[in-house]
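What follows is one structure encoded as structure tokens, with my remarks underneath.
The values are calculated or read from the model by the stated rules, or taken from the named source; none is laboratory data. Predicted, not measured: the structure shown is a model, and the values here were computed from it. All Cβ positions, glycine included, derive from the backbone under ideal geometry; neighbour counts span all protein chains shown. Keep in mind that these areas ignore ligands, DNA and RNA; they rest on the heavy atoms of the full protein, side chains included. Shrake-Rupley method; radii C 1.70, N 1.55, O 1.52, S 1.80 Å.
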Amino acid sequence: MPQGNGELIIGGQIFKIDAPVVNWHKSGWDATSPYCIPTKTDPAPRCLPAGAGQYPYGPPPLPYTQRYAVRPSLRSVPKSNNGMNASYDAVKAVVKQFVVHHDGCSSADMCFSVLQNERGLSVHFLLDNDGTIFQTIDLALMAYHASDWNLYSIGVELCNRGDAYNVPSYYDSGRAGPRRDIKPVRINGNTLKAFDYTPAQKESFSQLCRELLRLFPNLPAEYPQSSPGEPLWDTMRDAPIKRESYAGYVGHYHINTQKWDPGVFDFKDFCGKLRGAFCFPVFPRLEPQASDKDKSKPILPSDSGELKDAARALYALNEERADGGFFPVGPWGETALWHGGIHLVAKRDAGVFAPFPGRLVAACMGRESAIGSFNFVLLRHEMTLGPKKLQFYSLYMHVADETKRDKPPEWMTKGGWKASGRRGQVALIDEPIEAGALIAHVGAVGPDALSRAQVHVEFFSEQLIEDQNNYWQLIDGTSSGRFCEAPEILGVIDANHDGLLARGELTQFFASGGGGQMHQLATLHVSEWTAEPSWSAALAASKGFKSMKVSEIDAMVAEQITPGLWWDAQVAAHCRLPKDGVVHHYHPIAFIAWFKNQLIEAAAEAVRAGPRINEADIRAVPKSITDDLGDVTGASMRSSADVTEDRCNKNLTLEQMVQGFDAPECK
């Protein structure tokens with residue numbers, strides 16, 4: 001199997017990567033050349049030697065010789081030669097899709113001969129039988145492989161004959177590559193028999209895509225779903241519209257009803273391995289249990305009963321043991337201040353894990369205060385849940401100072417932290433994080449007697465995350481500033497109805513099981529991590545702080561609040577957060593359990609529906625559909641987009657594109 005240490009080219013820049021990528025400078029397979037380039041599998045008469053000026057030899061008429069275009073999104077980039085020489089920073093802003101094909105060929109050599117020499121087409125990568133990946137064109141350029149989806153995508157041709165119904169012995173002799181498993185697959189209602197991919201192909205493709213997660217922040221390891229977590233094996237109903245907004249991996253058949261490639265490629269399994277194992281942020285019972293399948297991380301159970309039990313144990317770590325830090329009010333259990341997360345009691349230096357895959361976008365280490373740690377890690381998550389695209393954030397505050405650790409979390413060994421990480425300062429980073437990755441360790445925080453080992457966990461989103469069953473109950477607190485005035489919350493906690501929340505009222509309410517009434521709330525209010533509106537002014541105007549002098553309030557703010565105020569305009573712009581800090585907050589354990597339960601229910605429904613494939617229905621590939629070898633004219637690959645205006649990005653700045661913004665008409 002080929003080893004890593006490849007060289008990938010993006011925007012003219014060479015990246016050393018841990019994947020077996022051979023670029024055109026070494027292979028000679030240059031898809032920007034308008035001429036025929038000789039290969040071992042060219043039919044007679046073969047191409048003339050390179051540089052002889054022979055155009056593609058396919059059946060006439062061939063009205064074109066250029067087999068790529070400049071991405072419309074990049075044409076306005078300054079000093080880029082109308083987009084032809086756009087930089088990596090510009091390219092990473094617009095690439096958000098990876099289209100996967102199978103080529104119908106016996107080798108990458110044959111694929112290049114067919115696409116380039118015969119048909120005047122192109123694709124960014126060719127993946128050979130042995131796992132070698134050939135890059136034939138800069139990822140900055142728009143190759144011709146997926147019609148109008150070429151605008152924002154890169155593409156790969158996985159070497160595979162595909163059709164095992166008509167040629168079941170294709171790999172028996174070994175001349176076309178190693179033997180392969182044959183599997184049934186049902187695509188767009190057609191039950192077909194197809195060759196699987198070799199272990200070497202699967203491994204090297206995974207290696208490449210792990211590198212792409214790092215290099216392309218807008219290309220997540222997501223895939224089209226028919227229901228939460230269940231892969232779609234049909235063309236997306238609104239594929240022409242999704243071209244503008246979809247981010248992730250797609251098969252050719254997902255975007256074109258006339259295609260069935262990449263056949264048996266399992267997007268759920270492939271992307272699942274890239275994304276990692278969904279986890280709780282800490283172990284539900286403080287440490288691994290005998291029942292935990294993986295004692296190195298608190299993986300979410302796939303049984304609904306076990307999931308409820310684990311969530312119940314985590315609720316208890318907050319509501320029965322934390323003495324404060326409740327959701328959605330009462331940090332330290334004394335006030336009606338909005339509190340967007342919860343404090344989970346844990347062992348000092350216990351691991352804190354990423355519940356979902358995402359990108360680590362900001363962190364601060366070495367920021368201590370009179371009440372303990374204000375170190376934090378912030379993750380941004382962009383995920384698919386059935387047909388919905390979700391964007392949300394998770395925050396882990398009061399974690400230990402990882403700069404003092406001999407072996408810090410892996411993200412701190414990467415370039416982002418090394419370039420911008422300074423003790424006590426917020427570092428703006430952009431590192432991919434797998435679900436289940438160790439991101440921090442539990443620190444200690446709390447005023448006076450309330451100080452203990454705990455971690456603040458918070459989930460929030462700019463747009464309300466909707467559920468078809470109306471799971472989340474919206475509470476709009478934008479008009480009340482720092483303090484909660486919602487009767488749905490205060491009315492059930494304020495036992496003596498004096499309009500104040502005493503610590504005893506809060507702890508009694510949550511310890512007696514009242515917290516369950518708060519689990520499904522989605523509270524919209526300004527984040528506690530912003531400096532505005534003024535904390536001192538807000539507290540001074542509250543009747544709950546009337547006994548304190550202004551100087552005492554100012555001192556308390558400086559000691560207990562100011563060290564944690566990280567949400568400013570610069571951080572917001574980098575992390576794609578609203579500048580005013582107004583976001584929807586969710587109980588983090590309820591959110592995690594809700595998300596996982598969607599997957600459990602969808603998987604159970606798939607089982608109840610019975611087998612998706614009946615082998616008795618296997619037929620030959622219908623003449624109405626084809627793979628890339630059978631598309632002789634290249635109609636499903638060549639694009640008209642090289643003359644199409646990019647309506648999604650034409651009014652956005654390059655900085656906004658880098659940050660992943662879409663124009664309103666493309667959301």
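Looking across the range 320-336 at every residue that is open to solvent by 20 Å² or more (accessible area, probe 1.4 Å) and part of a helix (DSSP H, G or I), the one that is modelled with the highest pLDDT is identified as Pro331.
Looking across the range 151-164, the residues that are farther than 12 Å from Val99 by Cα and surrounded by 24 or more Cβ atoms within 10 Å (Cβ to Cβ) come down to Cys159, Asn160, Gly162, Ala164. Cβ-Cβ distances below 8 Å connect the following pairs, each with a first residue in the range 90-116 that is at positive phi, a second residue that is open to solvent by less than 10 Å² (accessible area, probe 1.4 Å), and a separation of six or more residues or different chains: Gly104/Asn160; Gly104/Gly162; Gly104/Asp261; Gly104/Asp628. Provide a single number: the residues in the range 603-630 that are under 17 Å from Pro168 (Cα atoms), in a loop (DSSP other than H, G, I, E, B) and open to solvent by 80 Å² or more (accessible area, probe 1.4 Å). Count: 1.
Only one of the numbered conditions (1) at pLDDT 95 or above; (2) more than 17 Å from Thr626 (Cα to Cα); (3) not polar (S, T, N, Q) is violated by Ala194, and that is (2). If we scan the range 486-502, do we find a residue that is surrounded by 19 or more Cβ atoms within 10 Å (Cβ to Cβ) and of a type in the set (Val, Ile, Thr)? Yes, because at least one residue in the range 486-502 is surrounded by 19 or more Cβ atoms within 10 Å (Cβ to Cβ) and of a type in the set (Val, Ile, Thr). Checking each residue of the range 201-208 against the condition of being farther than 19 Å from Leu274 by Cα and of a type outside the set (A, V, I, L, M, F, W, C) gives no match. Looking at the range 70-85, is at least one residue in a strand (DSSP E or B), at pLDDT below 95 and of a type in the set (Val, Ile, Thr)? The answer is yes, given that some residue of the range 70-85 is in a strand (DSSP E or B), at pLDDT below 95 and of a type in the set (Val, Ile, Thr).
Residues checked against (1) surrounded by fewer than 21 Cβ atoms within 10 Å (Cβ to Cβ); (2) more than 25 Å from the chain's Cα centre (by Cα); (3) without any contact (Cβ under 8 Å) to a residue 40 or more places away in the chain; (4) within 26 Å of Val94 (Cα to Cα):
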| position | (1), (2), (3), (4) |
| --- | --- |
| Asp181 | yes, yes, yes, no |
| Val185 | no, yes, no, no |
| Gly189 | yes, yes, no, no |
| Asp196 | yes, yes, no, no |
| Gln201 | no, no, no, no |
| Ser206 | yes, no, no, yes |
| Arg214 | yes, no, no, yes |
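Those helices (runs of 4 or more DSSP H) of the range 495-592 in which 1 or more residues are of a type in the set (S, T, N, Q) and without any contact (Cβ under 8 Å) to a residue 40 or more places away in the chain occupy 503-511, 535-540, 550-556.
Here Lys297 meets each of (1) open to solvent by 20 Å² or more (accessible area, probe 1.4 Å); (2) touching a residue at least 60 places away in the same chain (Cβ under 8 Å); (3) within 30 Å of Asn160 (Cα to Cα) with one exception, condition (3). Go through the residues of the range 469-479 one by one and say whether even a single one is assigned to a strand (DSSP E or B), of a type in the set (Asp, Glu) and touching a residue at least 40 places away in the same chain (Cβ under 8 Å). Scanning the range 469-479 turns up at least one residue that is assigned to a strand (DSSP E or B), of a type in the set (Asp, Glu) and touching a residue at least 40 places away in the same chain (Cβ under 8 Å).
In summary, Val282 fulfils each of the numbered conditions (1) free of Cβ contacts under 8 Å to residues at least 12 places away in the same chain; (2) surrounded by 21 or more Cβ atoms within 10 Å (Cβ to Cβ) with the single exception of condition (1). Can you tell me which residues in the range 101-119 are part of a loop (DSSP other than H, G, I, E, B) and buried (at least 24 other Cβ atoms within 10 Å of the Cβ)? Answer for the range 101-119, where residues must be part of a loop (DSSP other than H, G, I, E, B) and buried (at least 24 other Cβ atoms within 10 Å of the Cβ): Asp103, Cys105.
Each row is one residue, and each column tells you yes or no for (1) in a helix (DSSP H, G or I); (2) acidic (Asp, Glu); (3) under 24 Å from Leu300 (Cα atoms).
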| site | (1), (2), (3) |
| --- | --- |
| His381 | no, no, yes |
| Leu390 | no, no, yes |
| Ser394 | no, no, yes |
| Asp406 | no, yes, no |
| Trp411 | yes, no, yes |
| Glu431 | no, yes, yes |
| His441 | no, no, yes |
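Is it fair to say Gln508 is within 20 Å of Val582 (Cα to Cα) and open to solvent by 50 Å² or more (accessible area, probe 1.4 Å)? Considered against the rule, which asks whether it is within 20 Å of Val582 (Cα to Cα) and open to solvent by 50 Å² or more (accessible area, probe 1.4 Å), Gln508 comes out as no. In the range 337-355, of all residues being outside any loop (DSSP other than H, G, I, E, B) and more than 16 Å from Pro281 (Cβ to Cβ), the one that is modelled with the highest pLDDT corresponds to Trp338.
Selection of the range 302-314 for residues being open to solvent by 20 Å² or more (accessible area, probe 1.4 Å) and either touching a strand residue (DSSP E or B) at 6+ places or on another chain (Cβ under 9 Å) or part of a loop (DSSP other than H, G, I, E, B) (or both) yields Ser302, Asp303. Do we find a residue being more than 27 Å from the chain's Cα centre (by Cα) and either without any contact (Cβ under 8 Å) to a residue 24 or more places away in the chain or surrounded by fewer than 23 Cβ atoms within 10 Å (Cβ to Cβ) (or both) anywhere in the range 377-394? So far as the range 377-394 goes, no, none of its residues is more than 27 Å from the chain's Cα centre (by Cα) and either without any contact (Cβ under 8 Å) to a residue 24 or more places away in the chain or surrounded by fewer than 23 Cβ atoms within 10 Å (Cβ to Cβ) (or both). Taken together, Pro447, Pro432, Pro408 contain a single residue that is open to solvent by 10 Å² or more (accessible area, probe 1.4 Å), touching a helix residue (DSSP H, G or I) at 6+ places or on another chain (Cβ under 7 Å) and free of Cβ contacts under 8 Å to residues at least 24 places away in the same chain, which is Pro408.
If you go through the range 351-376 and keep only what is open to solvent by less than 10 Å² (accessible area, probe 1.4 Å) and farther than 20 Å from Gly340 by Cβ, you end up with just Met365.
When each of Asp234, Asp148 is tested for being in contact (Cβ under 8 Å) with a residue 24 or more places away in the chain, assigned to a loop (DSSP other than H, G, I, E, B), touching a helix residue (DSSP H, G or I) at 6+ places or on another chain (Cβ under 8 Å) and open to solvent by 30 Å² or more (accessible area, probe 1.4 Å), the lone residue that passes is Asp234. Take the range 129-143 and flag every residue that is closer than 20 Å to Gly162 by Cβ and either open to solvent by 10 Å² or more (accessible area, probe 1.4 Å) or in contact with a Leu (Cβ under 9 Å, 6 or more places away or on another chain) (or both). Once the filter is applied, which keeps residues that are closer than 20 Å to Gly162 by Cβ and either open to solvent by 10 Å² or more (accessible area, probe 1.4 Å) or in contact with a Leu (Cβ under 9 Å, 6 or more places away or on another chain) (or both), the range 129-143 yields Asn129, Asp130, Thr132, Ile133, Phe134.
Checking the stated criteria, Asn218 turns out not to satisfy the condition of being out of contact with any Leu (no Cβ under 8 Å at 6 or more places or on another chain), open to solvent by 30 Å² or more (accessible area, probe 1.4 Å) and in contact (Cβ under 8 Å) with a residue 40 or more places away in the chain.
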